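Working notes, structure below.
The values are calculated or read from the model by the stated rules, or taken from the named source; none is laboratory data. Please read these numbers as outputs of a predicted model, since none were measured by experiment. Neighbour counts are summed over all protein chains in view; Cβ atoms, including those assigned to glycine, are modelled from backbone coordinates with ideal geometry.
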Amino acid sequence: MNIRSFISLTAAVILSAVVAESKPSQPNVLFIFADDMSYEALGAADMLDIDTPNLDRLADRGVNFTHAYNMGGWNGAICVASRTMMNTGKSIWTARAANLDAYVGENRFWSQRMSQAGYRTYMTGKWHVKAKVPEIFDVSKHIRGGMPNQVPVGYNRPKDEADYAAGWKPWDTEHGGFWEGGKHWSEVVGDNGVEFLEQAAGEENPFFMYLAFNAPHDPRQAPKEYVDRYPLDRIKMPVSFLEEYPYAEEICGKNLRDERLMPYPRTEYAVKVNRQEYFAIITHMDDQIGRILAALEASGKADNTYVIFSADHGLSVGHHGLVGKQNQYDHSVRVPFLMVGPKIKPGSKNDTPIYVQDLMATSLDLAGASLDGVDFKSLVPQLKDDSAPHYDEIYGSYIGKQRMLIKGDWKIIAYPTAGVIRLFNLAKDPQEMKDLAGDSKHAAKLKKLRGQLEMHMDYLGDPMSSIAASDYQDLPKK
């Protein structure tokens with residue numbers, strides 16, 4: 001080799017090394033998901049007296065998207081719609097009609113698209129989407145169904161203190177549920193998350209981890225020491241408490257499974273016990289999340305990892321005389337959404353209205369992958385500038401019985417089967433307790449929002465105008 005060739009080759013090697021060194025590596029994505037967790041059930045939200053120290057640390061280290069919403073549900077199991085939208089990237093009525101087998105075959109699922117972008121994909125916990133996990137994740141373990149088994153004695157409780165003393169207890173392993181298999185399911189997800197991160201520590205490819213807790217879905221079971229942390233005198237009643245919601249039968253049905261968890265009429269004692277158990281299982285889950293985050297630090301990959309925590313939808317647990325998530329109030333459609341990662345400003349809050357389903361678009365954007373065919377929006381522009389445009393309105397739905405639209409400070413909820421429309425000013429009335437629909441001063445606002453809701457329904461292909469409410473099915477009654 002002559003000197004000129006040697007110099008040219010050496011220059012090429014040096015240039016190649018410089019380019020390789022300067023090319024940013026793809027970030028890892030660690031997604032942690034809860035089931036039935038309202039936006040308020042987070043210590044960092046400063047709304048409830050609840051212990052979530054590990055999630056609070058996430059909020060301190062990154063951004064808290066304070067107004068994240070689920071788009072709705074096409075049956076009583078709201079999580080099915082939420083998770084299907086999230087994993088396909090399709091808005092609610094498109095997702096409902098989708099042939100998911102075709103999506104799998106065409107590599108269009110969230111995890112498949114991350115895999116195509118060069119990621120090693122992991123999954124554990126709750127799935128509840130009509131697709132087979134082993135076909136779309138590289139590694140999976142302990143895939144769970146929709147919910148832990150609930151038993152008859154877990155419903156209609158507690159009627160009073162004597163009924164509680166003689167009845168079902170959240171730490172009793174006799175009835176299975178979260179205790180099925182011998183170890184609490186949240187602890188199993190924690191174990192699997194730690195194990196996956198130990199594997200990832202030795203891998204070169206970036207990872208995408210989908211860790212899905214069943215908690216805090218009912219049966220809200222936790223070890224006794226967690227329940228004991230919440231004596232009833234520590235539990236405050238929701239300010240929106242009602243003994244019975246005036247339109248309960250029309251909007252979801254008093255015999256809907258979720259609503260039968262607590263006796264009618266709702267009582268302070270029953271609400272406090274149910275919230276005690278709700279808080280306890282969340283704190284127990286938070287401890288497992290702490291283990292996962294510690295394993296991420298130990299892996300040496302934390303500095304190049306985006307950690308995202310959210311939930312599929314919220315829960316009432318006594319708000320407005322309701323128990324479940326089959327309603328359009330913020331406690332049931334709004335979820336926590338925390339994000340930590342490179343260049344995210346610590347301790348920041350962003351009150352831009354978003355959908356929880358923006359998760360897929362966001363992670364694909366961070367991975368440098370195409371967002372083609374995804375209906376939801378990436379949050380990356382919001383991470384750079386929280387004044388960046390996002391959604392003009394937030395739409396919500398539940399089967400053929402409820403529709404909702406939020407625009408600015410205003411929210412409209414329509415109950416077509418009850419012939420009722422409700423109007424709230426969220427800025428002045430965040431607990432949604434003062435219905436302004438009958439106030440003539442707001443007639444123009446109500447009319448405008450109603451028209452915008454109808455336009456949004458048309459835009460999304462909402463079938464409510466052409467499909468009778470009876471064609472939608474709630475969960476089977478137990």
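Quick look at the values:
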read-out: Number of the exception - Gly373 against (1) of a type outside the set (Asp, Glu); (2) crowded, with 16+ Cβ neighbours inside 10 Å; (3) touching a Gly at 6+ places or on another chain (Cβ under 8 Å); (4) within 28 Å of Pro27 (Cβ to Cβ); value: (2)
read-out: Number of the condition not met by Ile354 [criteria: (1) of a type in the set (Val, Ile, Thr); (2) within 18 Å of Thr88 (Cα to Cα); (3) touching a Ser or Thr at 6+ places or on another chain (Cβ under 8 Å)]; value: (3)
read-out: Any hit, segment 269-291, residues being small (Gly, Ala, Ser) and closer than 22 Å to Met433 by Cα; value: yes
read-out: Considering residues of segment 68-106 that are of a type in the set (A, V, I, L, M) and touching a Leu at 6+ places or on another chain (Cβ under 8 Å) only, the residue surrounded by the most Cβ atoms within 10 Å (Cβ to Cβ); value: Met86
read-out: Segment 305-347, subset farther than 18 Å from Gly73 by Cβ and small (Gly, Ala, Ser), residue farthest from the chain's Cα centre (by Cα); value: Gly321
read-out: Unmet criterion (only one of (1) under 16 Å from Ser240 (Cα atoms); (2) assigned to a loop (DSSP other than H, G, I, E, B)) for Ala418; value: (1)
read-out: Restricting segment 154-173 to residues that are without any contact (Cβ under 8 Å) to a residue 60 or more places away in the chain and part of a loop (DSSP other than H, G, I, E, B), the residue that is surrounded by the most Cβ atoms within 10 Å (Cβ to Cβ); value: Trp168
read-out: Of all residues in segment 55-67 being assigned to a helix (DSSP H, G or I) and surrounded by fewer than 21 Cβ atoms within 10 Å (Cβ to Cβ), the one that is nearest to the chain's Cα centre (by Cα); value: Asp56
read-out: Residue in segment 241-260 that is nearest to the chain's Cα centre (by Cα), counting only those that are within 27 Å of Asp429 (Cβ to Cβ) and assigned to a helix (DSSP H, G or I); value: Asp258
read-out: Segment 134-148, subset over 19 Å from the mean Cα position of the chain (by Cα) and either in a strand (DSSP E or B) or without any contact (Cβ under 8 Å) to a residue 40 or more places away in the chain (or both), residue surrounded by the fewest Cβ atoms within 10 Å (Cβ to Cβ); value: Pro134
read-out: Failed item, numbered, when Lys254 is tested on (1) over 30 Å from Thr124 (Cβ atoms); (2) in contact (Cβ under 8 Å) with a residue 24 or more places away in the chain; value: (2)
read-out: Conditions (1) surrounded by 21 or more Cβ atoms within 10 Å (Cβ to Cβ); (2) over 28 Å from Met209 (Cα atoms); number of the one not met by Asp429; value: (1)
read-out: So Pro238, is it assigned to a loop (DSSP other than H, G, I, E, B), farther than 26 Å from Asp191 by Cβ and either among the aromatic types (Phe, Trp, Tyr) or free of Cβ contacts under 8 Å to residues at least 60 places away in the same chain (or both); value: no
read-out: Among the residues listed as Ala427, Ala418, Ala469, the single one being modelled with pLDDT under 95, at negative phi, in contact with an Asp or Glu (Cβ under 7 Å, 6 or more places away or on another chain) and not charged (D, E, K, R); value: Ala418
